[in-house]
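Read through the structure below, which is laid out as structure tokens, and then see the notes.
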Amino acid sequence: MRLLNWGYAVPRERSPQNMTLVTLADERYAMPLAVLGRSLSQNMRPGCRATLYVIDGGITKQTKLHLKASWNPGRMHVEFVPPQFGQEQELPVWGRFPTLTYARVFVPFLLPEDCDKAILLDSDVVVLRDIERLWNADLGNHSVLAVQDPAISLISSAGGLASYAALNIPPGQPYFNAGVMVINVRKWRLNDVSRRVMEFIHGHAHELNYCDQDGLNAILWDDWGALDSRWQVQPRLITSNRLAPSHLDDAERAQLIADPWIFHFSGRLKPWLYRGSTWPDRIFYQYLDETWWSGWRPRFSLQACMYRLYDSPLRAWCYPVERWGQTVIRRLSRRSTGV
């Protein structure tokens, strides 16, 4: 049995801002991080301020200067903080899955001790509405608020939790995406969520599909509240009828298209890897042009060409094969890596 130290981070002097936001990125994700920060600050109402904690997975000093130059310091104070992994020495991964993603399991230990709530955002999101609306969402007694995953709608769905029955989780229980979460920091700490999630992950490493996200769903399956689906809209799914979220009806799907609140460019088809042509891609480039990276666009390459070819009606027909391929890749590339 491994002995873990779940002590809190050394308290830091807090800024007077009233919202606590957290994201995580490495050098590869610096450009989308710039878009995230720009979209956040630009859509905040006048007089509203926040602190953004960036869990730094290896961003260079020069890039940090470019990022700060891209954001509004009058509305958003930024702190770059190193990732924490408790006493973990090795973590299970597959394919190109980054170990940095596990840092979100330990977010409550990166924040000041008097912080009771935080919003966690993946760095590949674009915020289209005032984040204060999400901050004011009623947590109730839940540990987290999140959006039901559009591709893996249920715990028992393909790509969900393989051991849901052994865990006594009902098969119809929704599965949430951890890319946008409102976290009840105080309850998370009191209930030792980080330790419980990591124990599940180590005990089920051979069957994980989405690593930390699987662990969060396994432990918090009856302790999370559903956010409006507009708080996490995955563009590649809503623009295709064949890939549209199955748990939403036609009116709800239409609402995601007409009034999205956050875009999450999850998966491999991202607008900084190839020149996307959909309206969500254009929104990404519009925000990008308001950052230090203004005018940048992906260069033509064979890989970019293949991405763009696949980002077409072709993908809707090939999606079952894509998911099967991901399953094979997971099985062949499962391993542990040091942190």
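Give the accessible area for residue 250 in Å² (nearest 10); use a 1.4 Å probe, count only protein heavy atoms, and leave out ligands, DNA and RNA.
120 Å²
Taking the Cβ of residue 247 as the center, what net charge do the other residues with Cβ under 13 Å away carry, scoring Lys and Arg +1 and Asp and Glu -1?
Working: positive: 253; negative: 149, 249, 250, 252.
Its environment carries a net charge of -3.
Take the alpha-carbon centre of the range 36-76, take the same for the range 144-187, and report the distance between them in whole Å.
Measuring centre to centre over Cα atoms gives 30 Å.
For the chain, with only Lys/Arg (+1) and Asp/Glu (-1) charged at the beta-carbon, what is the dipole magnitude about the Cα centre, in debye rounded to 20?
Details: 38 positive and 33 negative charges, 195 e Å.
My answer is approximately 940 debye.
Which helices count as membrane-span-like in the chain under these terms: full DSSP H, at least 24 Å along the axis by C-alpha, Kyte-Doolittle mean of -1.0 or more? Walk me through the numbers on the way to the answer.
On the way: long enough: 313-333 (29 Å, -0.40).
Result, helices passing both filters: 313-333.
Can you give the helix-only mean residue ellipticity at 222 nm for the chain, where every DSSP H stretch with n ≥ 4 adds -39500 (n - 2.57) and the sum goes over all residues, rounded to the nearest 500 deg cm²/dmol?
On the way: 11 runs with 107 residues, N = 339.
So the calculated ellipticity at 222 nm is -9000 deg cm²/dmol.
Under a straight-distance cross-link criterion of Cα-Cα below 12 Å, which aspartates and glutamates are reachable from residue 270, leaving out those fewer than 8 residues away in the same chain?
Cross-link targets: 124, 281, 311.
Roughly how big is the range 78-231's charge dipole about its Cα centre, with Cβ charges of +1 (Lys, Arg) and -1 (Asp, Glu), in debye to the nearest 20? Provide the component values of the computation, followed by the final result.
Working: 11 positive and 20 negative charges, 26 e Å.
Here the size comes out at about 120 debye.
Which order, highest average first, do 153-165, 63-75 follow once you tally other Cβ atoms within 10 Å for each residue and take the mean per peptide?
Values: 153-165: 18.2, 63-75: 15.8.
Taking the mean over residues of other Cβ atoms within 10 Å, the ranking is 153-165, 63-75.
How large are Rg and Dmax for the range 79-220 when calculated on the C-alpha trace, in angstrom?
Considering the range 79-220 through its Cα atoms, Rg and Dmax are 14.9, 42 Å.
Once neighbouring chains are kept in place and the probe is 1.4 Å, which whole percent of the accessible area of the range 122-181 is contributed by carbon and sulfur? Walk me through the intermediate numbers first.
Working: 1000 of 2030 Å².
Of all accessible area on the range 122-181, carbon and sulfur atoms account for 49 percent.
Could you tell me the extents of the range 93-159's C-alpha atoms along the three principal axes, largest first, rounded to whole Å?
Its Cα atoms span 37, 27, 24 Å along the three principal axes.
So if I average 1/r over every pair of distinct C-alpha atoms in the range 126-180 and take the inverse, what Kirkwood radius in Å does that give? All intermediate terms of the calculation are to be shown ahead of the outcome.
Values: mean 1/r = 0.0773 Å⁻¹.
Computed over the range 126-180, the radius equals 12.9 Å.
Report the one residue of 198, 173, 163 whose Cα lies farthest in the direction of the positive end of the charge dipole of the range 158-250 (charges on C-beta: Lys and Arg +1, Asp and Glu -1; origin at the Cα centre).
Of 198, 173, 163, it is 198.
Restricting things to Cα coordinates, could you compute the convex hull volume per residue of the range 6-135 in Å³?
Per residue, the Cα convex hull of the range 6-135 comes to 115 Å³.
With +1 on the Cβ of every Lys and Arg and -1 on the Cβ of every Asp and Glu, and nothing else charged, how large is the dipole of the range 150-257 about its Cα centre, in debye rounded to the nearest 20? Don't skip to the answer; put the middle values down first.
Numbers: 9 positive and 11 negative charges, 52 e Å.
Computed about the Cα centre, the dipole is about 260 debye.
Of 185, 258, 231, which is farthest towards the positive pole of the range 173-259's charge dipole, taken about the Cα centre with +1 and -1 on the beta-carbons of Lys, Arg and Asp, Glu respectively?
Value: 185.
I need two numbers for the range 137-280: Rg to one decimal and Dmax as a whole number, Cα atoms only, in Å.
Cα only, the range 137-280: 15.8, 46 Å (Rg, Dmax).
Compute the relative contact order of the range 140-185 as a whole-number percentage, counting only Cα pairs closer than 8 Å that sit 6 or more residues apart in sequence. Please report the intermediate quantities before stating the final value.
Working: 61 pairs, mean separation 23.6, N = 46.
Computed value for the range 140-185: 51 percent relative contact order.
With a probe of 1.4 Å, find how much accessible area the chain has per residue, and write the answer as a whole number in Å². Can you show the working numbers first?
Details: 15270 Å² over 339 residues.
Ligands and nucleic acids excluded, the figure is 45 Å² per residue.
Against the 2.2 N^0.38 Å scaling, with N counting residues, where does the chain land? I'd like the Cα-based Rg ratio to two decimal places. Before the final figure, lay out the partial values.
Numbers: Rg = 19.2 Å, N = 339, 2.2 N^0.38 = 20.1 Å.
Ratio of Rg to 2.2 N^0.38 Å for the chain: 0.96.
Highest mean first, how do 128-138, 227-237 rank when packing is the count of other Cβ atoms within 10 Å averaged over residues? Numbers along the way, then the final one.
Working: 128-138: 16.1, 227-237: 22.4.
With the highest mean Cβ count within 10 Å placed first, the list reads 227-237, 128-138.
Mind ranking 210-218, 25-33 by how tightly packed they are, going by the mean number of other C-beta atoms within 10 angstrom, highest first?
On the way: 210-218: 23.8, 25-33: 20.6.
Averaged packing, sorted descending, gives the order 210-218, 25-33.
Accessible area of the range 182-284 with a 1.4 Å probe: how many percent of it is carbon plus sulfur? Please report the intermediate quantities before stating the final value.
Values: 1870 of 3970 Å².
Of all accessible area on the range 182-284, carbon and sulfur atoms account for 47 percent.
The values are calculated or read from the model by the stated rules, or taken from the named source; none is laboratory data. The shown structure was predicted, so the numbers you read here are calculated from the model rather than taken from an experiment. Cβ atoms come from the backbone with ideal geometry, glycine included; neighbour counts cover every protein chain shown. To get the accessible areas, we keep the full protein, side chains included, count just its heavy atoms, and leave off ligands, DNA and RNA. Shrake-Rupley method; radii C 1.70, N 1.55, O 1.52, S 1.80 Å.
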